[in-house]
Amino acid sequence: MEKIVQQGLLYDFYGELLTEHQRHVYEDVVLNDLSLSEIAEEQGISRQGVHDLIKRCDKLLDGYEKKLHLVEKFEATKRLAGEIQKALEDYEAKPEEALLSRAKKAAEQIAQI
């Protein structure tokens with residue numbers, strides 16, 4: 001997965017666990033696509049300070065994901081929901097019991113996540 005997309009997902013799930021300052025700087029980098037120099041000037045800190053803060057936030061967010069697996073579960077649920085949708089669309093085109101079984105199996109997997 002592209003790094004910026006992964007950072008965005010991690011931030012969506014765990015961003016509230018960062019301090020207000022960390023959130024502001026992280027949002028500027030990940031969501032607003034500002035350069036480290038722009039953020040450093042805005043925050044009154046060095047470019048290296050911004051870089052270190054982003055690395056620290058990445059490490060924190062990755063640690064939360066390793067413990068809680070919320071992004072992993074979200075992606076699995078999304079994939080399985082897509083499988084259900086595809087099976088039901090296929091069933092509408094050609095009603096076969098196997099397609100309903102496929103949708104039921106995916107729904108059961110979602111319930112176990």
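The values are calculated or read from the model by the stated rules, or taken from the named source; none is laboratory data. Not measured: the values here are computed from a predicted model. Cβ atoms come from the backbone with ideal geometry, glycine included; neighbour counts cover every protein chain shown. Please note that ligands, DNA and RNA were not included when accessible areas were found on the heavy atoms of the full protein model with its side chains. Shrake-Rupley method; radii C 1.70, N 1.55, O 1.52, S 1.80 Å.
In table form, for the structure just shown:
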| read-out | value |
| --- | --- |
| Residue that is nearest to residue 29 (Cα to Cα), among those in region 65-80 that are open to solvent by 50 Å² or more (accessible area, probe 1.4 Å) and aliphatic (A, V, I, L, M) | 70 |
| Boolean, residue 62 is out of contact with any strand residue (DSSP E or B) (no Cβ under 7 Å at 6 or more places or on another chain), buried (at least 17 other Cβ atoms within 10 Å of the Cβ) and not aliphatic (A, V, I, L, M) | no |
| Every pair of residues 6+ apart whose Cβ atoms lie under 9 Å, when the first sits in region 14-26 and is under 10 Å from residue 60 (Cβ atoms) and modelled with pLDDT of 95 or more while the second is in a loop (DSSP other than H, G, I, E, B) and open to solvent by less than 10 Å² (accessible area, probe 1.4 Å) | 26/18 |
| Pair list, Cβ under 7 Å, 6 or more apart: region 45-73 residue closer than 23 Å to residue 112 by Cα, other residue of a type outside the set (Phe, Trp, Tyr) and not in a helix (DSSP H, G or I) | 73/113 |
| Options 63, 82; residue that is small (Gly, Ala, Ser), more than 30 Å from residue 108 (Cβ to Cβ) and modelled with pLDDT of 95 or more | 63 |
| Meets criteria (under 24 Å from residue 6 (Cβ atoms) and at pLDDT 95 or above) for residue 106 | no |
| Single residue of 38, 42, 96 found to be open to solvent by 60 Å² or more (accessible area, probe 1.4 Å) and farther than 28 Å from residue 10 by Cβ | 96 |
| Positions within region 1-54 being outside any helix (DSSP H, G or I) and over 25 Å from residue 69 (Cβ atoms), in sequence order | 32, 33, 34, 35, 44, 45, 46 |
